[in-house]
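Here's the structure, in structure tokens; my notes come after.
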Amino acid sequence: MAASSKRLSGAQPSAGRPRSAQTGRGRAALAGGLGGAARGVRQKFETAAGGPARARVIVVLAAVLALSSADTATVGAAATQLRFALHISNGDIGLLVAIPLIMGALFSVPFGVLADRTRRTSLLSFVIILWGVAMIASASVSKFSSLLLVRVGLGAVTAAAGPLVASLVGDYFPARERGKIYGYILSGELLGAGFGFMISGDLAPLSWRASFLILALPAIAIATAVRRLPEPARGGATQMVAGAARIGGYRSRAEAHRARLSATAAAATTPRDPASAASRAEPVATDAQRIAAEQGIAPVERMILRSDPRKMSLPAAVRYILGLRTNIILIASGAAGYFFLSGVETFGLEFSKSHYSVNQVEATLLMLVLGGGALLGVLVGGRLGDSLLHRGHLNGRVLVGAIGALVSVVAFIPALILHSAASALPYLMIAAFALEAQVPPMDAARLDIVPPLLWGRAEGVRTSLRTGAQALAPLIFGALADGIGLQDTFAIMLVPLAAGAVILFRALRTYPVDVATAVASTAAFHDRPRVR
């Protein structure tokens, strides 16, 4: 009996151990499965990006844009709570979004100058830290006037993103795939906006302060990652070649070593000796420029640069940049698109709740679904523009942008008429897809028409003008919404969006000539432009 009792008592722990071990093995299997899935996704992305080194650059630059767009989306997601907590109106909400944009417009050109003359990765890392500080300050204020003042500073530092990212993209990646690369990087804007709507929107009913505070958390990590990126040489002399995954993005260890030496020399000499740096970093002709040269398209003689672009004064550089007809068209069309998009980001959640009669959670989900359509648009649009260009269609990128702009306007009309979210959803997804599909090929096209040593200032001018128009959107949307309602406001704002689509078709005539002018400028300043 004792022996039997002993056996029974001993059987209990032995029976417990297998259950515990089984649970442990189940958890380990689940963790292993999730880890394997994550590694699989990472490997697929690295393959698509052209290697781990290139993937790291893309992810970091996308994270920079994500941080900026998440802030704008957060204001819209927390609009209801901000109105009650600070006793403000829709017009004041629009002002909270507009003020950073206005400051961004003012500071974009100075940052564009710095992008052409300083170490870009160090500068970008520093301003991202300032972003984090401004976001923490936004969460600590108690008055509307104080929050507005903090956002003045926030807008000044976020102005660095456009010029610095554009200049880095041009020097990191070959021209033939910039549309695709821009698609990856611009997806960061959409993912950041989705983060702002989803995370901040869910936190807003609990605390609008937490909605701002949570955005400060990734700032330090992103700043550190940017600081660790290699500084590329000017003009694309050290571009990261696809498929060289194990040697820092270059074809061989010798090439990687030469690239580091060239980048170091360029960075060291740029502030003191622009001509020397320019000669070391001979620009690489783009596919569009090669096709224009093969087709014998005549340049605009008066726009051919024959001296070092970095020795140009700022007024002279601005006059030159605005003298490119295609650039003016792309700026105007882009401003119209971002104008409408800014209104959607700020008041889209409020519009969805009132127009489609849905609650906060359903409206947030609707905005995320639209974000998914927009994300697909940036990924497809960039690739499509590159593909047409590779097949010899010089206007391929511009054509994709023009058609995308037109389709977005047409698709938005039924979405605003219908009052059922389920019925309007397909039209909204098409509109979001088309609206964003035009952005990557247009961004890549701008690099084709501007000499590389002016990329920073050109993007600064574009960002300044585009952001200036974009800054008006929250103010106008908010003021009109207070007077006539959000539905009529969105309908009226389709007019500038349609105008932007129409003028973009004019670039089909001006783009080839401006590309040819960029070829002539490269040939005049450098002995022999190389084609890649």
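The values are calculated or read from the model by the stated rules, or taken from the named source; none is laboratory data. None of these values were measured; they are calculated from a predicted model. Glycine also receives a Cβ, built like all others from the backbone with ideal geometry; neighbour counts cover every protein chain displayed. Just so you know, the surface numbers come from the protein's heavy atoms only, side chains and all, with ligands and any DNA or RNA stripped out. Shrake-Rupley method; radii C 1.70, N 1.55, O 1.52, S 1.80 Å.
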- Can you name the residue in the stretch 173-210 that is hydroxyl-bearing (Ser, Thr, Tyr) and modelled with pLDDT of 80 or more and is also nearest to ALA49 (Cα to Cα) among such residues? TYR184
- Query: Just to be sure, is ALA469 crowded, with 24+ Cβ neighbours inside 10 Å and under 21 Å from GLU189 (Cβ atoms)?
  - Reply: no
- Task: With the checklist (1) of a type outside the set (Lys, Arg); (2) closer than 30 Å to ILE304 by Cβ; (3) at pLDDT below 85 in hand, flag the one item LEU447 doesn't pass.
- Result: (3)
- Item | the stretch 381-402, residues that are in contact (Cβ under 8 Å) with a residue 40 or more places away in the chain, closer than 14 Å to ALA444 by Cα and open to solvent by 10 Å² or more (accessible area, probe 1.4 Å) | ARG383, LEU384, HIS390, LEU394, ASN395, LEU399, VAL400
- Note on the structure: Going through the stretch 403-422 in order, the residues found to be surrounded by fewer than 18 Cβ atoms within 10 Å (Cβ to Cβ) and closer than 14 Å to LEU435 by Cβ are VAL410, ILE413
- Task: Could you tell me whether any residue of the stretch 153-170 is surrounded by fewer than 24 Cβ atoms within 10 Å (Cβ to Cβ) and more than 30 Å from ARG83 (Cα to Cα)?
- Result: yes
- Message: Can you say whether LEU368 is of a type in the set (A, V, I, L, M) and either under 30 Å from ARG506 (Cβ atoms) or open to solvent by less than 10 Å² (accessible area, probe 1.4 Å) (or both), as far as the supplied structure shows?
- Response: no
- Taking only the stretch 53-92 into account, find how many residues are in contact (Cβ under 8 Å) with a residue 40 or more places away in the chain and either of a type outside the set (A, V, I, L, M, F, W, C) or in contact with a strand residue (DSSP E or B) (Cβ under 7 Å, 6 or more places away or on another chain) (or both). 15
- Item | Criterion (closer than 28 Å to VAL300 by Cβ, of a type in the set (Val, Ile, Thr) and surrounded by fewer than 24 Cβ atoms within 10 Å (Cβ to Cβ)) met by exactly one of VAL515, VAL439, VAL502 | VAL502
- Item | Flag for ALA134 being at pLDDT below 90 and closer than 18 Å to GLU189 by Cα | no
- Restricting the stretch 91-120 to residues that are open to solvent by less than 10 Å² (accessible area, probe 1.4 Å) and more than 26 Å from SER313 (Cβ to Cβ), the one modelled with the highest pLDDT turns out to be LEU96
